[in-house]
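**Q** First the structure, then my questions, so here it is.
The values are calculated or read from the model by the stated rules, or taken from the named source; none is laboratory data. No experiment lies behind these values; they were computed from the predicted model shown. So basically every Cβ, Gly included, is an ideal-geometry build from the backbone, and we count neighbours across all protein chains shown. Remember, those area values only see protein heavy atoms, side chains included, never the ligands or the DNA or RNA. Shrake-Rupley method; radii C 1.70, N 1.55, O 1.52, S 1.80 Å.
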Amino acid sequence: MSALVFGLDTFGDVPEDDSGTPVSDARAIRQVVDEAVLAEETGVDVLALGEHHRPEFAISTPETVLAGIATRTERIRLSSGVTVLSSDDPVRVFQRFSTVDALSNGRAEVILGRGSFTESFPLFGYDLSDYDVLFEEKIELFAKLLEEKPVTWNGTKRPALDNADVFPKTESGHLTTWVGVGGSPQSVIRTAHYGFPLMIAIIGGSPERFAPYIDLYQRATDKFGTTAHPVGMHSPGFIADTDEEEARELHWPHYKVIRDRIGALRGWPPVRKEEYANEIEHGSLYIGSPETVARKMARAIKALGVGRFDLIYTTGAQPITARLRAVELYGTKVLPMVRDILAD
């Protein structure tokens, strides 16, 4: 098996400054760039930025921020997490990420997804009733674009292409492309059909319950004759020097605010502290000291046999200083511990 890959993932949550005041969207974006530089310095393999169109999150165009990060880093891979392909144009997505690939000397990745939020659909003039067909057609086109040859394509939700050549092309002739899946078997099968690597969003409940999806992906690639790439997973968490006194105390109030705000839109009751604690102990919240988080990450990686783990290291308006410390601890403490545990 290839070496394990470890990433950090953020949606550009708007943090608080030292006085407890939320910063501007502009400063929040610059803060993510600083955190990406620190992530590279501390040994993190990948930095993934999610696309959102909500007031809690500053990043709406991950590839633009990734382009800025590309000019300040040399090694770390630069990914979206995810790009909402359904409400975007596949040609423009390819062009933007091939541009990031050029600026970063071949370090760009794109994770395509349908997105767990729907704000982008009305914002860009798409009908939610077309939710499934939009992604079906656009991922088909994107797969053709990845061949980096003139494309002829026909669909119902986008103008046809006739022998259209798309630029810029990548230097390597290959733009690494994943598909992010939240728990739909059909999405897993579609990913296998195109031979894309699978990234599973595990944001609640026991990680082990996703083992059947990984098995389905492997069986489907075998059926389609495509490649079963090492599967990735991403889950939320937060790291501080101690468990109760710092990690949970810093994370919980901000987590509750954003969880209840989103939950109100989806018909969920307010989250209780007991549920939060149970998710940390038995579910998919990786909260605590480096030792606590490392042990839990190693258990999940071993249980599922994944090849990549991305930690969503921001949830709500955690203070900037705490976020920087979380990134530092992830790279310098957590990752070496996880590798040692798995090696044993």
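**Q** Let me spell it out: the conditions are (1) outside any loop (DSSP other than H, G, I, E, B); (2) open to solvent by 50 Å² or more (accessible area, probe 1.4 Å); (3) within 23 Å of Phe11 (Cα to Cα), and Val334 meets all of them except one. Which number is the exception?
**A** The failed condition is (2).
**Q** Of these, Ile69, Ile59, which one is in contact with a strand residue (DSSP E or B) (Cβ under 7 Å, 6 or more places away or on another chain) and either touching a residue at least 40 places away in the same chain (Cβ under 8 Å) or surrounded by fewer than 22 Cβ atoms within 10 Å (Cβ to Cβ) (or both)?
**A** Ile59
**Q** Could I ask something else about it? If you go through the stretch 182-219, how many residues are in contact with a helix residue (DSSP H, G or I) (Cβ under 6 Å, 6 or more places away or on another chain), open to solvent by 10 Å² or more (accessible area, probe 1.4 Å) and closer than 21 Å to Lys144 by Cα?
**A** Going through the stretch 182-219 one residue at a time, the tally reaches 3.
**Q** Scanning for something aliphatic (A, V, I, L, M), free of Cβ contacts under 8 Å to residues at least 40 places away in the same chain and over 27 Å from His229 (Cβ atoms), does the stretch 278-291 turn up at least one residue?
**A** Within the stretch 278-291, one or more residues are aliphatic (A, V, I, L, M), free of Cβ contacts under 8 Å to residues at least 40 places away in the same chain and over 27 Å from His229 (Cβ atoms).
**Q** What are the residues in the stretch 84-95 that are touching a helix residue (DSSP H, G or I) at 6+ places or on another chain (Cβ under 6 Å) and in a helix (DSSP H, G or I), if any?
**A** Hits for the stretch 84-95 are Leu85, Ser86, Ser87, Pro90, Phe94.
**Q** Within the stretch 119-148, restricting attention to residues that are touching a residue at least 12 places away in the same chain (Cβ under 8 Å) and part of a loop (DSSP other than H, G, I, E, B), which residue is most open to solvent (accessible area, probe 1.4 Å)?
**A** Within the stretch 119-148, the match that is most open to solvent (accessible area, probe 1.4 Å) is Phe124.
**Q** Further question: Note down all Cβ pairs under 7 Å where the first residue falls in the stretch 151-175 and is closer than 29 Å to Ser104 by Cα and among the small types (Gly, Ala, Ser), the second is part of a loop (DSSP other than H, G, I, E, B) and open to solvent by 40 Å² or more (accessible area, probe 1.4 Å), and they're at least six residues apart or on different chains.
**A** That search, which allows pairs on different chains as well, returns Ala164/Pro150; Ser172/Gly106.
**Q** Okay, next question. Looking at the stretch 229-253, I want the residues that are of a type in the set (Phe, Trp, Tyr) and have a partner that is modelled with pLDDT of 95 or more and open to solvent by 60 Å² or more (accessible area, probe 1.4 Å) with Cβ atoms under 9 Å, at least 6 apart or on another chain. Which pairs are those?
**A** Between residues of the stretch 229-253 that are of a type in the set (Phe, Trp, Tyr) and residues that are modelled with pLDDT of 95 or more and open to solvent by 60 Å² or more (accessible area, probe 1.4 Å), the close pairs are Trp252/Lys273.
**Q** While we're looking at this one, here's another question. Given the condition on the phi > 0 side of the Ramachandran plot and either modelled with pLDDT under 95 or buried (at least 16 other Cβ atoms within 10 Å of the Cβ) (or both), answer yes or no: does some residue in the stretch 154-169 qualify?
**A** No, that holds for no residue.
**Q** Mind telling me which of the residues Ser98, Ser79 ends up being in contact with a Leu (Cβ under 8 Å, 6 or more places away or on another chain), under 22 Å from Ile200 (Cβ atoms) and either of a type outside the set (Lys, Arg) or assigned to a helix (DSSP H, G or I) (or both)?
**A** Ser79
**Q** Gly316 passes all but one of (1) buried (at least 18 other Cβ atoms within 10 Å of the Cβ); (2) touching an Asp or Glu at 6+ places or on another chain (Cβ under 7 Å); (3) assigned to a helix (DSSP H, G or I); which number fails?
**A** Going through the list (1) buried (at least 18 other Cβ atoms within 10 Å of the Cβ); (2) touching an Asp or Glu at 6+ places or on another chain (Cβ under 7 Å); (3) assigned to a helix (DSSP H, G or I), Gly316 breaks only (3).
**Q** Now for a separate question. With in contact with a Gly (Cβ under 6 Å, 6 or more places away or on another chain) and hydroxyl-bearing (Ser, Thr, Tyr) as the only criterion, which of Thr42, Thr73 stands out?
**A** None of the others qualify; the one that does is Thr42.
**Q** Criterion first (under 21 Å from Asp9 (Cα atoms), open to solvent by 10 Å² or more (accessible area, probe 1.4 Å), modelled with pLDDT of 95 or more and of a type in the set (D, E, K, R)) does Glu274 satisfy it?
**A** Against the criterion (under 21 Å from Asp9 (Cα atoms), open to solvent by 10 Å² or more (accessible area, probe 1.4 Å), modelled with pLDDT of 95 or more and of a type in the set (D, E, K, R)), Glu274 does not qualify.
**Q** Only one of Arg190, Arg219, Arg209 is basic (Lys, Arg) and closer than 30 Å to Glu281 by Cβ. Can you tell me which?
**A** That would be Arg209, the only listed residue that is basic (Lys, Arg) and closer than 30 Å to Glu281 by Cβ.
**Q** Please state which of the following conditions Val110 fails to meet, knowing it meets all the rest: (1) under 30 Å from Leu250 (Cα atoms); (2) open to solvent by less than 20 Å² (accessible area, probe 1.4 Å).
**A** Against the list (1) under 30 Å from Leu250 (Cα atoms); (2) open to solvent by less than 20 Å² (accessible area, probe 1.4 Å), Val110 comes up short only on (1).
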